[in-house]
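What follows is a short report on a single structure.
The values are calculated or read from the model by the stated rules, or taken from the named source; none is laboratory data. Only a predicted model underlies this, so the values are computations on that prediction, with no experimental measurement involved. Note that each Cβ is placed from the backbone with ideal geometry, even for glycine, and that neighbours are counted across all protein chains shown. Please note that ligands, DNA and RNA were not included when accessible areas were found on the heavy atoms of the full protein model with its side chains. Shrake-Rupley method; radii C 1.70, N 1.55, O 1.52, S 1.80 Å.
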Amino acid sequence: MTDELVVIDQLDREILRILRSDARIGWSELGARIRLSPNAAADRVRRLVRTGVIRRFTAEVDQSKLGRSLEAVIDVRIDSHDRAASERFRDGALECEEVTWLAHVTGRTDFQVHAACN
């Protein structure tokens, strides 16, 4: 992957819009929706992945189906200004299955953590 900006066209934007709502769409259906062949649609998605525009494909989990009815957004401040301390916190938090997302933020806190539990 590269840190350079990637130029995308309107067709790529449409592909991204479709994939955001259904990342499991098949190449045939995607191609039909954007008026390209399945192979051409697949090639465009592969290019978006290769250039880092698409970082990964994920599954959205319904936490309530797992018995996790309580969800919370937690502000976390790391007392240490040591970057390694922040990285250890981030890595440890992401290992917890109750943590559904984590964001490094600026301001009075260092991280926001979304957690779901029973």
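Can you report the number of residues in region 10-36 which are over 16 Å from V53 (Cβ atoms), modelled with pLDDT of 95 or more, part of a helix (DSSP H, G or I) and of a type outside the set (F, W, Y)?
So the answer is 5.
Kindly provide the set of residues from region 37-68 that are open to solvent by 90 Å² or more (accessible area, probe 1.4 Å), free of Cβ contacts under 8 Å to residues at least 24 places away in the same chain and not in a helix (DSSP H, G or I), ordered by number.
Of everything in region 37-68, those that are open to solvent by 90 Å² or more (accessible area, probe 1.4 Å), free of Cβ contacts under 8 Å to residues at least 24 places away in the same chain and not in a helix (DSSP H, G or I) turn out to be R55, R56, E60.
Looking at (1) at pLDDT below 95; (2) within 30 Å of D9 (Cα to Cα); (3) polar (S, T, N, Q), can you tell me which one Q63 breaks?
Status for Q63: all satisfied but (2).
Would you check which residues across region 85-118 are part of a helix (DSSP H, G or I) and open to solvent by less than 40 Å² (accessible area, probe 1.4 Å) and list them?
Of all residues in region 85-118, those part of a helix (DSSP H, G or I) come to 85-95.
Passing the criteria: A85, S86, G92, A93.
Kindly provide the set of residues from region 69-84 that are in a strand (DSSP E or B) and surrounded by 13 or more Cβ atoms within 10 Å (Cβ to Cβ), ordered by number. Give the steps one after another, and end with the answer.
Narrowing region 69-84 to residues in a strand (DSSP E or B): 70-76.
Matches in region 69-84: E71, I74, V76.
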